[in-house]
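Take a look at the structure below.
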Amino acid sequence: MSDSSLTEPAKTGGGGGGSEASRIGEVKQWLAHEFGQAGKEVPHFEYTPRSVAYLHNLATLSQAKTQASKILASDFRLKASEYRSQAARIREILENVGLAQEGMASNVVGSVQVLANVANLLNIRDTELSSFLVAMGDISLRKTSVEEKRVKVEKESKILLDFTRKAIARLTYLKRTLAQLEDDVPPCEAQMENWKTNLAVMAAKERQYLQQSSNYKAMLNRVGYLPEISHGVLVETAEHRKELEKKTKPILDTLRSYQDLPPDKALAALAIEDKKRQYAAAEKYLEDVLQSALAPSE
């Protein structure tokens with residue numbers, strides 16, 4: 001009995017109130033009969049269209065199955081009666097020829113019983129030698145087929161066993177790796193906390209350095225710093241200054257020596273004015289060099 005046949009709603013349920021009432025009556029009668037056979041009372045429930053349709057289908061299927069089982073039981077009883085009649089006839093024939101069971105030796109009766117059991121086991125209708133041979137041949141073929149299946153199953157079992165062993169080894173390795181990772185978690189967490197602290201400190205330092213850089217850039221802008229004034233330019237300017245100092249040093253020494261001139265004021269004044277002009281020219285040259293070095297390139 002399939003579930004779909006039970007749950008399928010009745011397709012003839014729209015035939016009016018009389019049909020619905022008759023279906024409810026059939027359901028009640030079937031329930032009373034079934035529960036009565038079990039010695040129980042029918043439980044109380046609400047007869048909705050859905051439950052009535054379900055129970056009506058169930059009752060119809062149950063009655064059909066019951067009718068079919070009655071037919072099969074009647075057929076089995078008829079066959080049993082025929083088998084009993086045939087057994088009585090065979091027993092009568094055996095008694096007439098002096099082969100009654102009571103007159104046979106116990107070992108003969110045992111052998112016949114074994115023969116009958118073997119015939120039943122081989123599922124043959126008689127005890128003829130040809131029937132036994134055919135049945136044995138069929139068993140041999142089935143045995144060969146079973147042996148082939150057994151070999152195939154053994155191969156598959158070996159493959160599955162190998163896979164199982166590998167899986168167990170892999171599982172053991174994974175468990176060991178998991179345990180190792182769990183042991184490594186606390187130190188890694190501590191190291192991560194340390195990294196977080198260092199990262200926070202570095203972020204604060206970065207903000208501080210950015211602020212300082214911004215302040216330095218503002219300061220350089222205020223003093224007129226230009227990108228062209230590099231360290232190399234300053235070094236070159238310093239070297240020019242040293243060269244100019246070397247050139248002006250003899251002039252300064254000469255000017256200082258004029259302090260010891262004789263008191264010829266007119267000549268002394270001319271000499272001093274000449275040296276002052278040379279000194280002013282040297283300073284002007286030094287200024288021009290410095291200005292050209294500091295001026296932005298166009």
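The values are calculated or read from the model by the stated rules, or taken from the named source; none is laboratory data. Here the structure is a predicted model, which means the values were calculated and not measured. Backbone-built Cβ (ideal geometry, glycine too); neighbour counts: all protein chains shown. Surface areas here come from the heavy atoms of the whole protein model, side chains and all, with no ligands, DNA or RNA. Shrake-Rupley method; radii C 1.70, N 1.55, O 1.52, S 1.80 Å.
Cross-link partners of Lys275 among lysines, defined as those whose alpha carbon lies under 23 angstrom from its own and excluding same-chain residues fewer than eight positions apart: Lys242, Lys246, Lys247, Lys249, Lys265, Lys284. A DSSP coil position with no more than 12 other Cβ atoms inside 10 Å describes the following GluC sites (Glu not before Pro) in region 71-157: Glu128.
Among Ile139, Ala119, Phe163, which residue has its Cα positioned farthest towards the positive end of the charge dipole of region 87-167, with +1 placed on the Cβ of Lys and Arg, -1 on the Cβ of Asp and Glu, and the dipole taken about the Cα centre? Checked the options; the winner is Phe163. Once you reduce region 26-42 and region 54-79 to the center of their Cα atoms, the two points are 17 Å from each other. Summarising the amide proton neighbourhood of Ile124: residues at separation of 5 or more, or on other chains, whose placed amide H is nearer than 5 Å comprise an empty set. Add +1 for every Lys or Arg and -1 for every Asp or Glu among the other residues with Cβ under 14 Å from the Cβ of Ala281, and state the total. So the surrounding residues net to 0.
For region 21-103, a simple Cβ point-charge model (Lys and Arg +1, Asp and Glu -1, everything else neutral) yields a dipole of about 240 debye relative to the Cα centre. Computed from backbone phi with θ = phi - 60° and the Karplus coefficients 6.51, -1.76 and 1.60, the 3J(HN,Hα) list for region 132-141 is 4, 5, 4, 5, 5, x, 5, 5, 4, 4 Hz; x is used for glycine and proline. Accessible area per residue for region 49-89, computed on protein heavy atoms with a 1.4 Å probe, is 75 Å².
Residue separation of Glu26 and Lys158 scaled by 0.36 nm, minus their Cα-Cα distance, works out to 41.5 nm of gained length. Counted residue by residue at 0.36 nm each, then reduced by the alpha carbon distance between them, the extension gain from Ile272 to Ser111 reaches 41.5 nm. Overall, the accessible surface of region 21-103 at a probe of 1.4 angstrom is composed of carbon and sulfur to the extent of 57 percent.
Tally Lys/Arg at +1 and Asp/Glu at -1 over every other residue whose Cβ is under 15 Å from the Cβ of Asn123; what's the total? Can you show the working numbers first?
Details: positive: Arg125, Arg142; negative: Asp126, Glu128, Asp138.
Neighbourhood net charge equals -1.
With every protein chain left in place, what is the accessible area per residue of region 153-209 in square angstrom, probe 1.4 Å?
Value returned for region 153-209: 93 Å² of accessible area per residue.
The residue list Ala73, Val97, Gln86 was ranked by how far each Cα lies along the charge dipole of region 50-103 toward its positive end, using unit charges on Cβ atoms, and Ala73 comes out on top.
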